[in-house]
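Some notes on the structure that comes next.
The values are calculated or read from the model by the stated rules, or taken from the named source; none is laboratory data. Predicted, not measured: the structure shown is a model, and the values here were computed from it. A quick note on method: Cβ atoms are made from the backbone with ideal geometry, for glycine too, and the neighbour counts reach across all protein chains shown.
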């Protein structure tokens, strides 16, 4: 992902100076007030995650015309602050970083660090390997936390952070090697869990090619196996229906991947767990149908026996029988209506008719 370098004018520099001072003041207040620390850090996180308004955008872009394409691209404060700190990594952001380090163990500290310093970490030269590992671990932890916020709210507010970590770090070996090997592994596991959320499945091939070496690869398998293992774990944690449906629709891109038998069975079992009502997943009807579609698409062999077995298991949930019967009747009537309409008006197709 390429970002347009910030154009600094006297007005722009003064604005960024005021922004960083405001951030430092809130961090200092959090240090001085243990009882209000969590609330203050949460407020600061919300502030830097906000989208830049038109007035601030005009100042940040250095007076450029903001009525064109740039104005249509979402721009958040953390985007421009991350660019600001990374443009001169040895000078800018030192005071802010020192304050965050003092609040390291507090909630939202890793969130703030990930948003503000995710670009800085790959531009600065750090001599201490321990410090580099510490910052890298905080970046992965903070990014995990903010991506889960997107899942819980069914948004992609932090997509630019994900894009940077994927396209400008994971897929760029020279930059990836700036962080320790363990941090590289953790980063790839993180990206594996959220790559479907941000609609970047087309990057999977190059993503697999850049996978770092894992010590347990002999037992687990290659990059595709590790990716699918992380993905199945992620699926079982998702509770927001629209997000789960999105993942189940995206998962079809896995067709044709060469997986170990254990990994393939793991994926099949995960999808199958979403096809039946009741525990442990308690999926909705929409989720059950999406899971069946994905399962039948990825594993066409044994499709009909699976459906027969599932039908017998449905008999164990008598409280679902009325709704199942009603949905069956309604689907049948809908299909009949669609067929009759097609016979009467051959050139006419219902927009919401069933797919062939």
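In segment 150-159, which residues are outside any loop (DSSP other than H, G, I, E, B) and surrounded by 15 or more Cβ atoms within 10 Å (Cβ to Cβ)? Break it down stepwise before answering.
The initial filter retains those residues of segment 150-159 that are outside any loop (DSSP other than H, G, I, E, B), namely 150-153, 159.
The answer is 150, 151, 159.
Of all residues in segment 172-188, which are crowded, with 17+ Cβ neighbours inside 10 Å and under 21 Å from residue 204 (Cα atoms)?
Once the filter is applied, which keeps residues that are crowded, with 17+ Cβ neighbours inside 10 Å and under 21 Å from residue 204 (Cα atoms), segment 172-188 yields 176, 183, 184, 185, 186, 187, 188.
If I filter segment 182-219 down to residues being without any contact (Cβ under 8 Å) to a residue 24 or more places away in the chain and touching a helix residue (DSSP H, G or I) at 6+ places or on another chain (Cβ under 7 Å), which single residue comes out as farthest from residue 261 (Cα to Cα)?
Residue satisfying both the conditions and the ranking: 211.
Kindly establish whether residue 165 is modelled with pLDDT of 95 or more and buried (at least 16 other Cβ atoms within 10 Å of the Cβ).
On the way: modelled with pLDDT of 95 or more: yes; buried (at least 16 other Cβ atoms within 10 Å of the Cβ): yes.
Here the answer is yes, as residue 165 does meet what is asked.
Which of (1) at pLDDT below 90; (2) surrounded by 12 or more Cβ atoms within 10 Å (Cβ to Cβ) does residue 54 not meet, given it meets every other one?
(2)
Output the residues belonging to segment 283-292 that are surrounded by fewer than 18 Cβ atoms within 10 Å (Cβ to Cβ) and either under 15 Å from residue 232 (Cα atoms) or within 23 Å of the chain's Cα centre (by Cα) (or both). Lay out the reasoning, then the answer.
The first filter runs over segment 283-292 and keeps only residues surrounded by fewer than 18 Cβ atoms within 10 Å (Cβ to Cβ), leaving 284-286, 288-289.
Of everything in segment 283-292, those that are surrounded by fewer than 18 Cβ atoms within 10 Å (Cβ to Cβ) and either under 15 Å from residue 232 (Cα atoms) or within 23 Å of the chain's Cα centre (by Cα) (or both) turn out to be 284, 286, 288.
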